[in-house]
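Report on one structure; see the data block that follows.
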Amino acid sequence: ACVDVAARAKPKKKKVKMSMKDSFKFLVDSPYIRNLATLVISYGMCINIVEVTWKSKLKLAFPNPNDYSAFMGNFSSVTGAVTLVMMLIGRTIFQKFGWRVAALVTPSMIAVTGLAFFALN
């Protein structure tokens, strides 16, 4: 039997366009969206604060561009290796300790290393 595909297609839902006020109200009323937005904004702020300060200290420690590039290359290699290890053990962390502990690993490491970095300045 021949079926008309166009006739069976579901009608598309009409997108709701919200004003800025409605969008903010939706954000405040939805804990999931609110927490996600807080996470993204906090992450951006932490990375900017730590990275800008860290790179300015690196420029002082490695005034020669070749030395700076060599350090950044080695740092990127170590970062890649640590990322690979964390990807491999991440599943175990989720299974043994749960989502909350797994989600707190990154902010905890930023806090510990950031405090150590700023304390040594």
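The values are calculated or read from the model by the stated rules, or taken from the named source; none is laboratory data. All values derive from a computational prediction rather than experimental measurement. Positions of Cβ are backbone-derived with ideal geometry, glycine not excepted, and every protein chain shown enters the neighbour counts. Side chains are part of the model used for accessible areas, which takes the heavy atoms of the whole protein and leaves out ligands, DNA and RNA. Shrake-Rupley method; radii C 1.70, N 1.55, O 1.52, S 1.80 Å.
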Under a cut-off of 29 Å between alpha-carbon atoms, report the lysines in cross-link reach of K15, not counting same-chain residues fewer than 8 places apart.
K25
The chain: calculated mean residue ellipticity at 222 nm from DSSP helix runs of at least 4, using -39500 (n - 2.57)
-28000 deg cm²/dmol
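If you place +1 on the Cβ of every Lys and Arg and -1 on the Cβ of every Asp and Glu, how big does the dipole about the Cα centre of region 49-121 come out, in debye to the nearest 20? Show your work: numbers first, answer last.
Details: 6 positive and 2 negative charges, 46 e Å.
Its charge dipole is roughly 220 debye.
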Simple label model, 7 Å out from Cα along Cβ direction - V50 to M72, nm:
1.9
Counting only complete DSSP H runs, which helices of the chain cover 15 Å or more along their long axis at the Cα atoms and score a mean Kyte-Doolittle of -1.0 or above?
31-61, 65-97, 99-119
Can you tell me which of M45, M109, M87 moves the most in a GNM of the chain? Springs connect C-alpha atoms under 10 Å apart.
M87
FRET efficiency (I41, V101; Cβ distance; R0 30 Å; to 0.05) is 0.85
Rounded, prolate or oblate: which fits region 33-118, taking a ≥ b ≥ c as square roots of the Cα gyration tensor eigenvalues, rounded meaning a/c under 1.5, else prolate when a/b beats b/c?
oblate
Determine the per residue accessible area of region 45-116 with all protein chains present and a 1.4 angstrom probe, expressed in square angstrom.
79
Using +1 at the Cβ of each Lys and Arg and -1 at the Cβ of each Asp and Glu in the chain, identify which of I93, V112, A61 lies farthest towards the dipole's positive end.
I93
Name the residue, out of K21, K13, K59, whose mean-square fluctuation peaks in a Gaussian network model built on the chain with Cα pairs under 10 Å.
K13
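Quick one: with all protein chains in place, what share of the accessible area of the chain is carbon or sulfur, to the nearest percent (1.4 Å probe)?
69
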